[in-house]
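Novice: This structure is in structure tokens; I'll ask about it shortly.
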Amino acid sequence: MELVLQSIANALVQSGFFSLWAVGLVLIFGVMGIINFAHGEMVMVGAYTVWLLYAGQGLPFPLALLAAALIVCLLGLCMERFLFQPFRENPLGGLINSIGLLFILQVLAVQIGGLGLMKHVPPAFPGTLELPFEVRIPVQRAVALVVSLGLLAAVGWLLTWTRLGWALRAVSMDREAAALQGISVRRIGMFAMGLGAALAGTAGALMAPLVRVEPYMGHAVIITAFIVAIVGGIGSIRGAVLAAVLYAFFHTFVTTYYSGTLATMLGLFIMLLVLVIKPTGLMGSRLRE
Amino acid sequence: MNSASRRHGWWLAAAVLLPALAALPFFLPFHRQDFMIFLLLDVMLVVSYRLVTLSGEWSLIHMVLMGCGGYASALLSKRADLLVWLSIPLAALLTAAVALLLSFPLLRMRGFYFLIGSYAAGEAVRLAWKYFVYPFGGPKGLKLIPPLELQLPFLEQPLSFVEPIPFYLLLLVVTCVSLLLLYRLEHSRIGLTLHMVHWQPSLAEAVGVNSWRYRTLAFACGAFFAGLAGALFVHYLGSINPNQFAIGEMLYILVWVIIGGTRTFAGPVIGVVVLSVLNEIFRQYDEWRPAIYGLILLLSMRFLPDGLESLPGRLRGLWRRRVAAAQG
Amino acid sequence: MNRAGGLRIGGDNYKVEFVSYDNEYLPDKALQGMKKLVGEHDVKFVMMLGGDTWPAVQPFATRRKLLTSTLLPSDLSPDAPYHIAPCEVHPIYNVTGVEWMAQNFPELKRAAICAQNDSLGLPSVATYLAAFEAAGIDVVDQNIFDPSTTDFAPVVTSMLASGPDIVCLDTCYADYVNLITEQLFHQGFKGKIISCTFDNYQDVIEKTSKEFVEGFIFQFPDFDDPALRQDFINFKRPKDFYEKFVERHPGQWSAVAWEYASIMDLWKAAAEQAASVEPLAVLEAMKQGGRAPHAFGDASWWGEELWGIDNALVGNWPVVTVRDGRARIEEFRSIPEWWSCYKDLLVKHMEAMGLMHYQQG
């Protein structure tokens, strides 16, 4: 019983991270039709920012978190302006450019922090929450979960209730029709990219005290984000969140009861299965070219 | 230039280039011979990859298919005691069969979905090599894989293809034959149909081309040659492990092909040769290499979207315009 | 080493030139690198980490009669007579930690092991299984995880579910030890932790608590340890080395930080004795009499029964614990003594995992 409850607690924390990773990716794809292969590296840049500012310079953690979101947001805007916008006609162009950037960001991380042992980021919120039935969650993880949920709720609100959100959804449904309605596709693209990047940066910042902060940490992120985005139905934010929760539970339980390699392998199989049987995923409505 | 004289040009170039390439290792110090070997293997990889891209799809599983060939040949020769000369072609065929099998789910997808699907399928295969210690050896892979050997009547000891020069010469022959076959394939009806599937999909459909069949054919043929390269590779190194075929290595193939250009047959070859030679020259900046690759990729996407292969044409155009301006 | 006068052969001093090549842990890069080191720099001795890259290099190195060293003796084989493990004989020294723990904490009887699934983790699992069996400790859970694992909460939850009073971190990479220990702290583990390494223990103390980490057992001392000032230690001026290293690479002191220096000491002594830097002469001098000066005291060349060749240097190995927030050596224990009593157990577990030299491939 304790094992099941503790695993549920572990899985909940995972769901928060998986959602943040995937929602950023899906937002960028949904609006601009571009697969950002460097998405994992954006998470990495967020984590490195926290390492430099919070662990290195002693800035308070919430400030470092904000700085990470801003810096990665800025990075995202630059990517949109210089790497994606000039290749609007050629969707693979953007993808290939993001691969180029991925290499550059990894090397920069090596140059700044070196290789070797992981970067040490002490927890900003030490201690453990002791819940009934001997379930324990580190405070740092609980905080990360709450912040993730808050951010996801905010994004949901933005998309459903604001004009900006409507415009964004309009562009992701039909770019030309949206342009005819007088929506600036270019500005909406910038906005989506900035928001998606900021989410990735925040995720990295929140994770920094909890995981291995190292130049290649983006690899695990991108695999998971792809699985979640595909299973959820690429382009669908709600689908991504639902898939993130499902996948987090699936992965945590298979890892606890069997093995982590098996969990990732089965995850990939499920993704392939979804691609074959229902390429639109759980919540997606149509295919994109 | 008409096509007959162009063909003559190719034959002439081959007649000069081939003996030069065959003689090259004899003039190289031994520690540079391996560079040539891995370069030839990479050439096989990128040219076979181009066949897959002909129909307009970008796959991320090519490196893993190379690994399939390697694992298949290693297992056949090591565990089933098959003669290495047989296990290599058999492994290439097996790789094509694996690709055929994978094509049922994968080739139902297009564009982005195919890209991600092929990536997922590749990772799943690679994780399977790690997970199943029997027969794949788990994360540390397989070692003590028998080498290629040839018993010649006038030699006391069998000729061992672990030695760089014999292996290089063998590889050169295999590479040339493969390139020739791939070239013929592209210029056959099949290749032309693939071009049509890419550039004029609705026309292809209208005239009743079953595009799925042609894409499958290209995918399996590409896999065959990737598997062949993998099989040769593994018998030269004598060992194989799953990490050699990780996504990072696949991204390098992508970079080579894109920088070289995919419009012509020679493009990917130019890409891999130029970048590998640059790589050797700037060996001391090794830690910066991925970033340099990344930067070259970004710049060439921006300023040379058709790859290095388009460079001579562009320069010629520039020159003509200057001459015209001077005359005008 | 060069500052101390370099190599002394026949009354002349020679400077030793160090050349490096990053093989990215890829076999083809390792082969190219090895050939380049030989072809361009005519190197006399190559120190490598070993592991997955070695099989590709082995035929070339052996044919050339190159002297090479590894930190992973699982690379050793009768087919490679010039390949030696002169410093760290991983993972067999881990038995000393288990033996010491069993003697000092006899009430602990249930152990859970976790390890990453690779060529460092698996032989170590076999060794710990043998050591636990020898000490009469039950292994109640084995958790082999993928090296790409990022979140260790599920791994720790699953281990703790079996109710262990010992958690063995095997030869997990330093970062995993860090994260798993943190999870053990948060999930309320109260028992003993034993591990091969504990590299960044100051960071872990900062993440958990000094009390939690107190008594953590592992195998790699800090080199300013007073116990290393004893006479039988062959590593020269360990304290100076440690301080210089920490000054130059702050926060990067690790289990292997001293090992290449220690191997160079051994090589230098042998080269001076042989009055030559030629690989075969140096190797012969090194192996003379079957004994050689190891960093932790004189040791003997051994390994025939495990790897088919006596090319691993084993003797004493330190058992280290965290005491008052610092790594301190508890005791040096003899590996050969353990081996002579329990070798059947180790061979049994290695065989069960397919790790004996005659099963390799």
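The values are calculated or read from the model by the stated rules, or taken from the named source; none is laboratory data. Since this is a predicted model, take the numbers as computed values, not measurements. Here the Cβ is made from the backbone with ideal geometry for all residues, glycine too, and neighbour counts use every protein chain on show.
Novice: Have a look at B:Leu142, B:Leu127, B:Leu101 and point out the one that is farther than 30 Å from B:Glu57 by Cβ and over 20 Å from the mean Cα position of the chain (by Cα).
Specialist: B:Leu142
Novice: A follow-up question, please. With (1) without any contact (Cβ under 8 Å) to a residue 12 or more places away in the chain; (2) within 13 Å of chain A (Cβ to nearest Cβ) as the list, and B:Arg283 as the residue in question, which single condition is left unmet?
Specialist: Looking at each condition in turn, B:Arg283 falls short on (2).
Novice: Mind telling me which of the residues B:Thr193, B:Thr216 ends up being at pLDDT 80 or above and more than 21 Å from the chain's Cα centre (by Cα)?
Specialist: B:Thr193
Novice: Taking the stretch C:34-58, which residues are buried (at least 21 other Cβ atoms within 10 Å of the Cβ) and at the interface with another protein chain (Cβ under 7 Å from one of its Cβ atoms)?
Specialist: The answer is C:Lys35, C:Asp52, C:Pro55, C:Ala56.
Novice: Here is a check on your reading of the model: is B:Ile116 part of a helix (DSSP H, G or I) and facing another protein chain (nearest Cβ under 8 Å)?
Specialist: yes
Novice: Quick one: count up the residues across the stretch C:339-355 that are surrounded by 18 or more Cβ atoms within 10 Å (Cβ to Cβ) and either in the same structural domain as C:Pro78 (by TED's automatic domain parsing) or out of contact with any Leu (no Cβ under 9 Å at 6 or more places or on another chain) (or both).
Specialist: Adding up the residues that qualify gives 1.
Novice: So, C:Phe132, is that one surrounded by 24 or more Cβ atoms within 10 Å (Cβ to Cβ) and either farther than 30 Å from C:Asp52 by Cα or without any contact (Cβ under 8 Å) to a residue 40 or more places away in the chain (or both) or not? Can you show your working first?
Specialist: Working: surrounded by 24 or more Cβ atoms within 10 Å (Cβ to Cβ): yes; either farther than 30 Å from C:Asp52 by Cα or without any contact (Cβ under 8 Å) to a residue 40 or more places away in the chain (or both): yes.
Taking the combined requirement at face value, the residue satisfies it.
Novice: Go through (1) within 18 Å of C:Lys29 (Cβ to Cβ); (2) touching a residue at least 40 places away in the same chain (Cβ under 8 Å) for B:Ser59 and report which single condition fails.
Specialist: Here B:Ser59 meets the rest and fails (1).
Novice: On to the next question. Helices (runs of 4 or more DSSP H) wholly in the stretch B:209-316 with at least 1 residues that are of a type outside the set (Ser, Thr, Tyr), surrounded by 24 or more Cβ atoms within 10 Å (Cβ to Cβ) and in the same structural domain as B:Pro135 (by TED's automatic domain parsing) - which ones?
Specialist: Result: B:211-237.
Novice: Another question, then. Is it the case that some residue within the stretch A:187-202 is in contact (Cβ under 8 Å) with a residue 60 or more places away in the chain and among the charged types (D, E, K, R)?
Specialist: No: the stretch A:187-202 contains no residue that is in contact (Cβ under 8 Å) with a residue 60 or more places away in the chain and among the charged types (D, E, K, R).
Novice: Can you tell which of B:Leu60, B:Leu39, B:Leu28, B:Leu51 is within 30 Å of B:Leu203 (Cα to Cα), surrounded by fewer than 23 Cβ atoms within 10 Å (Cβ to Cβ) and either within 14 Å of chain C (Cβ to nearest Cβ) or in contact with a Gly (Cβ under 9 Å, 6 or more places away or on another chain) (or both)?
Specialist: B:Leu60
Novice: How many residues, within the stretch A:1-59, are within 11 Å of another protein chain (Cβ to nearest Cβ), part of a loop (DSSP other than H, G, I, E, B), over 15 Å from the mean Cα position of the chain (by Cα) and farther than 15 Å from A:Gly235 by Cβ?
Specialist: Selection size over the stretch A:1-59: 1.
Novice: I've got another one for you. Could you tell me whether the stretch B:214-236 includes any residue that is basic (Lys, Arg) and in contact with a Ser or Thr (Cβ under 8 Å, 6 or more places away or on another chain)?
Specialist: Scanning the stretch B:214-236 turns up at least one residue that is basic (Lys, Arg) and in contact with a Ser or Thr (Cβ under 8 Å, 6 or more places away or on another chain).
Novice: To continue, here is another question. Name the single residue that is nearest to the other protein chains (Cβ to nearest Cβ) among those in the stretch A:109-134 being more than 23 Å from A:Gly40 (Cβ to Cβ) and assigned to a helix (DSSP H, G or I).
Specialist: A:Glu134
Novice: Looking only at the stretch A:242-262, which residues are closer than 28 Å to A:Gly156 by Cβ and either touching a His at 6+ places or on another chain (Cβ under 7 Å) or aliphatic (A, V, I, L, M) (or both)?
Specialist: Once the filter is applied, which keeps residues that are closer than 28 Å to A:Gly156 by Cβ and either touching a His at 6+ places or on another chain (Cβ under 7 Å) or aliphatic (A, V, I, L, M) (or both), the stretch A:242-262 yields A:Leu242, A:Ala243, A:Ala244, A:Val245, A:Leu246, A:Ala248.
Novice: Also, I was wondering about something else. Name the residue that is farthest from B:Gly230 (Cα to Cα), counting only residues in the stretch C:16-33 that are acidic (Asp, Glu) and either in contact (Cβ under 8 Å) with a residue 12 or more places away in the chain or more than 12 Å from chain B (Cβ to nearest Cβ) (or both).
Specialist: By that ranking, first place goes to C:Glu17.
Novice: Continuing with this model, one more query. Name the helices (runs of 4 or more DSSP H) wholly within the stretch A:185-289 that hold at least 3 residues that are over 30 Å from A:Phe125 (Cβ atoms) and either within 12 Å of another protein chain (Cβ to nearest Cβ) or among the aromatic types (Phe, Trp, Tyr) (or both)? Explain how you work it out, then say what you get.
Specialist: Working: elements: A:185-207, A:218-232, A:237-257, A:260-277.
Counting at least 3 such residues, we get A:218-232, A:260-277.
Novice: All but one of (1) crowded, with 20+ Cβ neighbours inside 10 Å; (2) more than 9 Å from chain A (Cβ to nearest Cβ) hold for C:Pro154; state the number of the condition that does not hold.
Specialist: Of the numbered conditions (1) crowded, with 20+ Cβ neighbours inside 10 Å; (2) more than 9 Å from chain A (Cβ to nearest Cβ), the odd one out for C:Pro154 is (2).
Novice: From (1) surrounded by fewer than 24 Cβ atoms within 10 Å (Cβ to Cβ); (2) more than 23 Å from B:Phe114 (Cβ to Cβ); (3) touching a residue at least 24 places away in the same chain (Cβ under 8 Å), pick out the condition that doesn't hold for A:Ala178.
Specialist: That leaves (3) as the condition not met.
Novice: Out of all the residues in the stretch B:254-271, is one or more within 30 Å of C:Pro59 (Cα to Cα), more than 11 Å from every other protein chain (Cβ to nearest Cβ) and touching a helix residue (DSSP H, G or I) at 6+ places or on another chain (Cβ under 6 Å)?
Specialist: Checked the stretch B:254-271: no residue is within 30 Å of C:Pro59 (Cα to Cα), more than 11 Å from every other protein chain (Cβ to nearest Cβ) and touching a helix residue (DSSP H, G or I) at 6+ places or on another chain (Cβ under 6 Å).
For every residue, the table says whether it meets (1) over 18 Å from A:Tyr258 (Cα atoms); (2) more than 13 Å from every other protein chain (Cβ to nearest Cβ).
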residue: C:Arg110; (1), (2): yes, yes
residue: C:Leu120; (1), (2): yes, no
residue: C:Pro123; (1), (2): yes, no
residue: C:Gln142; (1), (2): no, no
residue: C:Ala161; (1), (2): no, no
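Novice: When the residues of the stretch B:120-147 are narrowed to those that are in a loop (DSSP other than H, G, I, E, B) and either at pLDDT below 85 or surrounded by 23 or more Cβ atoms within 10 Å (Cβ to Cβ) (or both), which ends up nearest to the other protein chains (Cβ to nearest Cβ)?
Specialist: Selected residue: B:Leu144.
Novice: Right, A:Gln106: polar (S, T, N, Q), within 14 Å of chain B (Cβ to nearest Cβ) and either surrounded by fewer than 18 Cβ atoms within 10 Å (Cβ to Cβ) or under 28 Å from A:Ser236 (Cβ atoms) (or both) or not?
Specialist: no
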